[in-house]
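Input: a single structure, listed below in structure tokens.
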Amino acid sequence: MLNKRIGILGTGSSVPDKVLTNADLEKIVDTSDEWITTRTGIKERRIATENESASTFAHEASIKALRNSGINAEEIDLIICATVTPDMAFPATACILQDMLGLKHIPAFDLSAGCSGFGYAISVAEGLLQSGQYKKALVVGVDLLSKITDYTDRSTCVLFGDGAGAVILGEVEDGYGILASELGAEGSGAEFLQIPAGGSVKPATKDTVKNKEHFIKMAGSDVFKFAVRIMADCTQRLMDKVGLSPDEVHWVVPHQANVRIITAAASRLGIPEERFFINVDLYGNTSAASIGLALDELALSGKLKEGDHVVMVGFGAGLTWSGLLIKWGGGKNNVGE
Ligand code: ACO
């Protein structure tokens with residue numbers, strides 16, 4: 001039995017200014033706007049400059065989430081950053097972010113669960129807030145996949161973009177907030193999505209760099225099949241836990257990887273596609289940032305209403321998945337700017 005309800009008090013997001021369109025990609029690799037649009041739904045994505053890193057966007061998204069929640073940075077007593085593209089292998093980007101926010105002493109750590117990282121981080125934060133040790137958490141999902149993408153590999157480079165999404169979590173009124181959550185992993189699928197070198201299996205050498213082993217390698221169709229299955233199954237289990245029918249789900253905010261994955265999951269679930277928030281056309285797959293970025297846009301659009309049931313569901317490297325079913329509202333200021 002939960003002692004208190006933990007919910008989202010505010011959202012924020014940040015993306016680079018630089019836009020990379022499908023027409024730009026046509027000049028770099030053998031691809032076409034038509035192929036990318038019909039196979040993925042992506043039209044453009046944002047790409048960080050050389051001087052921008054994960055903390056740049058994590059910071060901006062966090063500032064906006066604080067502002068939208070009406071909470072002072074000093075009230076935050078926990079920071080979790082979900083990322084697979086941290087500023088550097090260590091220290092954690094969450095620690096760098098803590099310092100950028102002018103905070104001291106509070107715990108700050110990174111969490112790696114690929115594109116499922118945002119849901120994982122929210123669930124971990126929820127548990128720590130439930131324990132009563134902490135009162136308000138800043139959770140950020142940030143990834144700059146452009147920094148680990150091979151722009152000679154057309155099967156991956158058209159998919160990815162950069163950005164950050166953030167939420168402030170805290171106690172909300174009874175009946176609101178996180179009603180159900182699910183985390184999962186299928187480690188047997190680790191080979192389908194990985195960066196082979198740079199870890200302890202294959203530390204960086206001249207050869208690993210020459211062989212482009214520091215870039216994302218992906219078995220696209222294996223990931224695709226997993227994604228459709230898990231997005232539908234995880235969402236269904238969340239609905240079952242809370243006792244909701246498809247009609248009672250107001251919004252699904254899915255990981256933004258490919259419109260076809262979202263459409264297939266929608267049809268399996270019997271939830272109309274219009275209730276799936278989609279912005280993959282504008283940003284591509286931003287990994288751990290994608291759900292937070294989409295949730296922030298939905299919140300700012302004014303379409304999200306107090307009391308709406310919102311499912312956030314994602315999948316990613318691991319292979320992992322994460323899902324949350326939230327009753328929106330019950331906080332002071334959680335409906336955006
Ligand atoms: N432009 C033109 N042709 C292309 C491109 C491209 N950018 N990329 C691949 N092709 C070609 C292939 O070479 C292949 O040609 P062939 O038939 O002559 O061999 C053909 O298009 C079809 O390729 P498929 O891989 O079968 O295309 P598919 O319809 O499966 O789409 C895609 C590929 C978009 C990658 C899809 O499999 C997908 O979205 N998978 C999931 C990816 C994903 O979500 N990854 C992120 C996980 S989250 C994370 O943690 C980062």
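Here is how the numbers come out for the structure above:
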read-out: Considering residues of region 133-153 that are buried (at least 24 other Cβ atoms within 10 Å of the Cβ) and among the aliphatic types (A, V, I, L, M) only, the residue nearest to the ligand (Cβ to nearest atom); value: 145
read-out: Filter result for residue 80 (away from the ligand (no atom under 16 Å from the Cβ), closer than 22 Å to residue 322 by Cα and crowded, with 22+ Cβ neighbours inside 10 Å); value: yes
read-out: Some residue of region 71-78 being acidic (Asp, Glu), touching a Phe, Trp or Tyr at 6+ places or on another chain (Cβ under 6 Å) and under 23 Å from residue 111 (Cβ atoms); value: yes
read-out: Residue ID - surrounded by the most Cβ atoms within 10 Å (Cβ to Cβ), chosen from residues in region 243-268 that are under 22 Å from residue 292 (Cβ atoms) and away from the ligand (no atom under 16 Å from the Cβ); value: 252
read-out: Residue match in region 3-20 (condition: away from the ligand (no atom under 16 Å from the Cβ), on the phi < 0 side of the Ramachandran plot, surrounded by fewer than 17 Cβ atoms within 10 Å (Cβ to Cβ) and at pLDDT below 95); value: yes
read-out: Odd one out for residue 170, checked against (1) small (Gly, Ala, Ser); (2) within 15 Å of the ligand (Cβ to nearest atom); (3) buried (at least 16 other Cβ atoms within 10 Å of the Cβ); value: (2)
read-out: Matching residues, region 210-258, being closer than 22 Å to residue 296 by Cα and over 17 Å from the mean Cα position of the chain (by Cα); value: 238, 248, 249, 250
read-out: Where a residue in region 320-337 is under 12 Å from residue 170 (Cα atoms) and basic (Lys, Arg) and its partner, wherever it lies, is at pLDDT 95 or above and crowded, with 20+ Cβ neighbours inside 10 Å, with Cβ under 7 Å and at least six apart; value: 332/9
read-out: Selection count, region 93-123, where residues are away from the ligand (no atom under 16 Å from the Cβ), in contact (Cβ under 8 Å) with a residue 12 or more places away in the chain and either among the small types (Gly, Ala, Ser) or part of a helix (DSSP H, G or I) (or both); value: 11
read-out: Sole exception among (1) away from the ligand (no atom under 16 Å from the Cβ); (2) touching a residue at least 24 places away in the same chain (Cβ under 8 Å); (3) farther than 18 Å from residue 296 by Cα for residue 66, by number; value: (3)
read-out: Qualifying position, being in contact with a helix residue (DSSP H, G or I) (Cβ under 7 Å, 6 or more places away or on another chain), more than 22 Å from residue 184 (Cβ to Cβ) and among the aromatic types (Phe, Trp, Tyr), among 90, 160, 118; value: 160
read-out: Count - residues of region 48-64 that are surrounded by fewer than 22 Cβ atoms within 10 Å (Cβ to Cβ) and not in a helix (DSSP H, G or I); value: 5
read-out: Every pair of residues 6+ apart whose Cβ atoms lie under 6 Å, when the first sits in region 126-138 and is under 17 Å from residue 103 (Cβ atoms) while the second is of a type in the set (Phe, Trp, Tyr) and not in a helix (DSSP H, G or I); value: 128/134
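The values are calculated or read from the model by the stated rules, or taken from the named source; none is laboratory data. Fair warning: this is a prediction, and the values are worked out from it, not measured in the lab. Please note: Cβ atoms are built from the backbone with ideal geometry, for glycine as well, and neighbour counts cover all protein chains shown.
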